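The values are calculated or read from the model by the stated rules, or taken from the named source; none is laboratory data. Because the structure is a prediction, the values reported are computed rather than measured. FYI the Cβ positions are ideal-geometry reconstructions off the backbone, even for glycines, and counts take in every protein chain you see. Protein only, heavy atoms only, side chains kept; ligands, DNA and RNA dropped before computing areas. Shrake-Rupley method; radii C 1.70, N 1.55, O 1.52, S 1.80 Å.
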Amino acid sequence: MRSFERKVPKLIKEIILNREGYQNLPQIAPLWSAQLEEIQHLFEKIQAHIPNIVYLEQISKHFSDVLIIGDIHGDIMSLLKIIEPFLQEQVESLVFLGDYVDRGRYNFQCLLLIIALSIAWPDRVIILRGNHEDIDINQLFGFYQELEAFFPITHEFSKVIASINEIYNNMSLIAITPNHSICMHAGIPKNITNLHLLNYFPKPHYNFSQNFSNLSKTDKDKVWEAFVQLRWNDPTEVYKFPTARSYHGYFYYNRSEIIRFLKENRQQRIIKSHESLRGGFESLFDSMLLHIFSTEPYDYKIEKAFVIHESPSSQITLRDLNFNQVKILNSQ
Ligand SMILES: [Mn+2]
C-alpha cells in the first residue's frame, strides 16, 4: 500500500483505507455536513495552488507515469479496481477526466473517494471537472436525490449542497501531460483555440467575472462559453460544419479544428471521455483524439471499460480496469 507522504487528517485516511466498505451504504451515513465541510476546506486549500490549466510536470515529476481515467458515474466497483494499481505503487499518478457522479448507484462514495485521494496525494492526483460536476445537472440525473436520502434534515442537506458546489468550483478544467496529451472532459471549445485565454478564468469558477477586468466583452463571453463547452462538446468525422450542434446540444468539432488546436497549443493529442455512445475506447483522427470511458456496464452501451497509461518511456498503453495491457496506442 502506498504510504501517506505527509500528515493526512484521520477522516481522509479513513475514507481511503476503508474504501472497500463503501459498497455498503450505511457505513457512510454517519458522515455529517461538518465533516464534509472539513473535506471541502482541505480540498480548496490544495486547489488554490493548482490552476485551471494544469501542466502536470509543473506539479511534480510523478506525472511522467500517469493513469488517465474517464467517466465513473457512481460506479464504485470500477473505481475501486482502477485506483488499486496506484495504491499498490504500480503507477505513480492519476488524472481523472470528470463525471464522477450521476446515473450510478454510489455517486457520493465515488466523489468522496476521489476527493480524498487528491487531498492525500496532491502531487500525484489531479481531478478535472466534467459536465456532471454541476448541481443543476445532478438534479436531473440522480446524485441530488441520493444526497437527499443521505441527509434528510433540511439544514444539513443545504450545507452539503453548498460544500459540494464549492468542491466542483475548485476542480481544474484541463491537464497537459509531459507526453503532450491534452486531457479534458469533452473537447475543444468553439471560440477559443489558444488555451492561455482560460488563465483569465481562475478558480473558484464562480468568481470568474470578478477577475475579468482586463478582457473585452467579446473575450469574456468566449471564456465563459469555453468553460461550458470544454465539458460538453463532441468530436465528429461526419459533419463538416463546425457550427453543427452535437446530440448534447452543444457543438461538434472536426478534424481541421483538432489540428489547429493541437498546433496552437503545441501538443500532440487530445484524451477525453464524455461519450458513452462511443463505447469504452475509440481512437479517432489518426490517433490525434483518444476517447475512453471507465465505467462498466453502462446503459448497456459500454461492455468493457478502459483507462490510458502514459509511462516515462512515452509509451501510451490502453489498459483494462485491472491494469492489464490491452493495446499499445503509439509506436515508440
Ligand atoms: Mn460527460
Filter the cross-link list LYS190/LYS301; LYS7/LYS45; LYS203/LYS263; LYS45/LYS203; LYS190/LYS263 down to pairs whose alpha-carbon distance in this structure exceeds 18 Å.
LYS190/LYS301; LYS203/LYS263
Quick one: dipole size for the stretch 10-328, taken about the Cα centre, charges +1 on Lys/Arg Cβ and -1 on Asp/Glu Cβ, in debye to the nearest 20.
800
If I stretch the segment between VAL8 and LEU140 completely, what's the gain in nm (0.36 nm per residue apart, minus their alpha carbon distance), one decimal?
44.0 nm
Just the number please: accessible area per residue for the chain, 1.4 Å probe, all protein chains included, in Å².
42
Pick out, from ILE174, PHE150, SER294, the residue whose Cα sits farthest towards the positive end of the charge dipole of the stretch 10-328, with +1 on the Cβ of Lys and Arg and -1 on the Cβ of Asp and Glu.
ILE174
State the Cα centre-to-centre distance between the stretch 256-332 and the stretch 56-117 in whole Å.
15
